[in-house]
Amino acid sequence: MLLNSFLLSLNAITSIFFMMVVGYGAKRLLHLEKNDVRRFNALVFHTLLPLMLFNNIYASDIRGSTNLRCLGFALLILLVLFLFTWFFVKRAEPANDQRGVMIQASFRSNFLLLGLPLVKELCPGSDLATVSVMLAVVVPCYNMLAVVTLETFNRKEIDFRKILLGIARNPLILASAAALLVNFSGLRIPQCFANPIAQLGAAASPVALLLLGAEFELHSLSTHRHNLAICTVFRLLLYPAVALPLAALLGLRGPEFAVLISMFATPAAVSSFSMAVQMGGNAELAACAVTTTTLLSAGTMFCWIFLFKSLGMF
């Protein structure tokens, strides 16, 4: 079981890095400029990512077996850690374009991509309704907090009306709201529309990873090493060190505990790069944060899985 879990994490991370390497090589082979990469990124942010979010939430069994205790705990811990990260980063980093990126890379995990396969591996044969509900609720919360963060720090003057307007216009927020509305209403989308939505949504992650690799520059690791260290410690060590022991004390076990591992112990979300670029954050730092946390998560995820499997949490 532990070996399988480690291989799952390693395979997922290897796949992510392979696509990033292809993107890195394609940029140099095709002599793409940064502006070219940013234009492609705009396409992903405004079309493919919203369709992926819509399809994932639309297909979730939200009205099935909702575990309010697990969901409430996850959202509460996420909010507390988010606020702590906000105030810490605000004191540690003076540049606003880096503050928002650091906060987002710290609190926003790759739960959307790794959540379901990781829980399937950790708890084979178990009911995955909890994962579906968590995806449908937590991912929109990630998006909302990310928009608030980036809108706040990327404006010279804080204008709450403009921040709220930015949230309302954000394509990821709109897609999440539309999917929740359709899901709760019980409406079914005709297959002639549902199929292309699912197909285009499935392309979001690979294309985003290609662009992430194209944006990456090796010298950025040295330039941003201090801020990357903060993001990595928060994302891979602090968040799981706070959330997972508390979950164990609360009595969460089995798939409920496994879904919290996939939420709090996975690397920074790939989509956080696309959002940072489109909303004026530091693109180099965003790319490096995803790359660094993904690389190091192969070791940290195995350690968290080994520890809590040994303690009988799942």
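The values are calculated or read from the model by the stated rules, or taken from the named source; none is laboratory data. Bear in mind that the values here come from a model prediction, so they are computed numbers and not experimental data. Using ideal geometry, Cβ is built from the backbone for each residue, glycine included, and neighbour counts are taken over all protein chains shown. SASA here: full protein model, heavy atoms, side chains in, ligands and nucleic acids out. Shrake-Rupley method; radii C 1.70, N 1.55, O 1.52, S 1.80 Å.
Miscellaneous remarks
- Residue in the stretch 275-283 that is at pLDDT 90 or above, open to solvent by 10 Å² or more (accessible area, probe 1.4 Å), over 19 Å from GLN104 (Cα atoms) and over 14 Å from the mean Cα position of the chain (by Cα) present: no
- Among the residues of the stretch 248-274, just one is open to solvent by 10 Å² or more (accessible area, probe 1.4 Å) and under 15 Å from VAL139 (Cα atoms), namely SER271.
- Candidate set from the stretch 184-212 (those that are farther than 23 Å from SER271 by Cα and touching a residue at least 12 places away in the same chain (Cβ under 8 Å)); member that is least open to solvent (accessible area, probe 1.4 Å): ILE189
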